[in-house]
Each structure stands twice: as C-alpha cells, then as structure tokens.
Amino acid sequence: MSEAQPITAQQLKRLQTLYSQFAAASADPRTRSREERLLWASLIVGHQVASFSELTADEAKTAIAQLEKDVPRKKRHPKP
C-alpha cells in the first residue's frame, strides 16, 4: 500500500477559499468558527481533523468536491 500524499498548497488554498464562501453564505454564524470548520472537515473525511493542512490530497479532494456542491454558485469565484 502506498503512502497517502499530503494536501497540496493549491488544494489548501482552494479548500480555505471555498469554506470561507460556505461560511459567509450560511445563516448560522457558528460556521465561521475554527471549531466548526474543523468539525465539518472531520465529518467529511471520517476522522478528527486538527487542521486543514493535515489532510491528505485525497481527503482534500473529497472536501473540495463537497464544498463545490454546497457553496452557492453566485458566491463562488472561478477556478484559477
């Protein structure tokens, strides 16, 4: 079994940007807290997450895909 690749700088930036847009669009102000952001990530990847930077590339891909579904299109910026 090969070792999981860490999240890339591009994935980390995309994940942070999308999550910020998700939180800004949410009616629940708790989504803006670090604790809620990490709880969300933990639920998405299936284990406790202490920081987005500790995600694997595959986990980041999963989280980004979920946010791309959840963030309203008008709030999203185009991919670079």
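The values are calculated or read from the model by the stated rules, or taken from the named source; none is laboratory data. None of the values given here were measured: they were computed from a predicted structure. Reconstructed Cβ throughout: ideal geometry from the backbone, glycine too, with neighbour counts over all protein chains shown. Ligands, DNA and RNA are excluded from the accessible area calculation, which covers all protein heavy atoms including side chains. Shrake-Rupley method; radii C 1.70, N 1.55, O 1.52, S 1.80 Å.
List of remarks:
- Listed by first and then second residue, the pairs with beta-carbon distance under 7 Å, at least 6 apart or on different chains, first residue in segment 29-46 and on the phi < 0 side of the Ramachandran plot, second open to solvent by 50 Å² or more (accessible area, probe 1.4 Å) and not basic (Lys, Arg), are ARG30/GLU36; LEU38/ALA50; SER42/GLN48; ILE44/THR62; ILE44/GLN66; VAL45/THR62.
- Among the candidates SER51, SER33, SER26, SER2, the residue that is over 10 Å from the mean Cα position of the chain (by Cα), of a type outside the set (A, V, I, L, M) and under 16 Å from ASP70 (Cα atoms) is uniquely SER26.
- Positions within segment 30-68 being assigned to a loop (DSSP other than H, G, I, E, B) and over 17 Å from PRO6 (Cα atoms), in sequence order: SER33
- The condition of being open to solvent by 50 Å² or more (accessible area, probe 1.4 Å), modelled with pLDDT of 95 or more and assigned to a helix (DSSP H, G or I) does not hold for GLN11.
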